[in-house]
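Before any comments, here is the structure.
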Amino acid sequence: MRSCPECGESGIAEHSVLAVANEVRELGPTEAPSYSRCRSCDAIFARPDPETLTRLDDPPGEPLVRVVPPWKGSSDGNELQLSWDVVELFFEDHAGDAHLEPLRALIALLRERGFDSTLRAGQSSATLLLSRSREHGLREGQSHLSFTAEPDGRVKVEGLLEGAKHRFGPVPATFGGRIERAIESLAKLPLD
């Protein structure tokens, strides 16, 4: 996240921008105007390039969708980082749910370690999903890991790695031990 010029808080997504859905359909994701909304103060900005944030008084049309910024271009790595922005924003929207805090911290730690450029992130309800999928959604039998928050702050881990089922926990939601080994094993698989 980068700092908002309006409130100074770290609330502007770096790897994704907003665009009006109809404009994306008509012009394509690289030509449609880009916008960013601050997660802290809700200010909205036109964002024609990575450095320029111009405050808008009136919001753009609806519905808004999250897309890879046009200046980043279309690549698997950029699409993966976009998926992490979307998941991070989902969990930030549920910041009042204390039992999800360990997942928010795990997401931040995994991004810091660079897994946002090798793994696709997703969520289902309050479960974090990680895969090596090129596209949103999982096919049957596709390798993945899921992390479900438990009320005591730990997570239950389930998944499929190269056809082998994995299930353990609840364990602390930290990057170490079995969680580290499972995530690193998943990250070594080919993108599919």
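The values are calculated or read from the model by the stated rules, or taken from the named source; none is laboratory data. Treat the numbers as computed from the prediction; the structure is a model and nothing was measured. Here the Cβ positions follow ideal geometry from the backbone for every residue, glycine too, while neighbour counts run over all protein chains shown. Only protein heavy atoms, including side chains, enter the accessible area calculation; ligands, DNA and RNA are left aside. Shrake-Rupley method; radii C 1.70, N 1.55, O 1.52, S 1.80 Å.
Taking the criterion of being outside any strand (DSSP E or B) and under 19 Å from the mean Cα position of the chain (by Cα), the residues of segment 148-178 that qualify are A173, T174, F175. Of the numbered criteria (1) loosely packed, with under 13 Cβ neighbours inside 10 Å; (2) more than 22 Å from S125 (Cα to Cα), the one A95 fails is (2). Looking for something touching a residue at least 12 places away in the same chain (Cβ under 8 Å), assigned to a strand (DSSP E or B), surrounded by 13 or more Cβ atoms within 10 Å (Cβ to Cβ) and in contact with a His (Cβ under 7 Å, 6 or more places away or on another chain) - is there at least one such residue anywhere in segment 130-144? Yes, segment 130-144 contains a residue that is touching a residue at least 12 places away in the same chain (Cβ under 8 Å), assigned to a strand (DSSP E or B), surrounded by 13 or more Cβ atoms within 10 Å (Cβ to Cβ) and in contact with a His (Cβ under 7 Å, 6 or more places away or on another chain). Contact map, segment 71-83: first residue under 19 Å from G122 (Cβ atoms) and assigned to a helix (DSSP H, G or I), second residue charged (D, E, K, R) and open to solvent by less than 60 Å² (accessible area, probe 1.4 Å), Cβ cut-off under 6 Å, separation 6 or more or different chains; pairs are L80/R120; Q81/D116; S83/R120.
Total residues in segment 11-27 satisfying the condition of being open to solvent by 50 Å² or more (accessible area, probe 1.4 Å) and part of a helix (DSSP H, G or I): the figure is 5.
The requirement of being open to solvent by less than 50 Å² (accessible area, probe 1.4 Å) and among the hydroxyl-bearing types (S, T, Y) is satisfied by S36. Looking only at residues in segment 57-69 that are more than 26 Å from A187 (Cα to Cα) and open to solvent by 30 Å² or more (accessible area, probe 1.4 Å), the one that is nearest to the chain's Cα centre (by Cα) is V65.
When T30, T54 are checked against the criterion of being in contact with a Phe, Trp or Tyr (Cβ under 7 Å, 6 or more places away or on another chain), over 21 Å from R154 (Cα atoms) and open to solvent by 60 Å² or more (accessible area, probe 1.4 Å), T54 stands alone in meeting it.
Hey, any hits in segment 39-51 for a residue that's touching a residue at least 40 places away in the same chain (Cβ under 8 Å) and assigned to a helix (DSSP H, G or I)? No, that holds for no residue.
Looking across segment 145-192, the residues that are aromatic (F, W, Y) and either open to solvent by 20 Å² or more (accessible area, probe 1.4 Å) or under 20 Å from L80 (Cα atoms) (or both) come down to F147, F175. From the list L80, L109, the lone residue that is open to solvent by less than 20 Å² (accessible area, probe 1.4 Å), within 18 Å of S185 (Cα to Cα) and either more than 14 Å from the chain's Cα centre (by Cα) or of a type outside the set (D, E) (or both) is L80. Scanning segment 156-192 for residues that are under 20 Å from S133 (Cα atoms), touching a residue at least 40 places away in the same chain (Cβ under 8 Å) and in contact with a helix residue (DSSP H, G or I) (Cβ under 7 Å, 6 or more places away or on another chain) returns I183, A187, L191.
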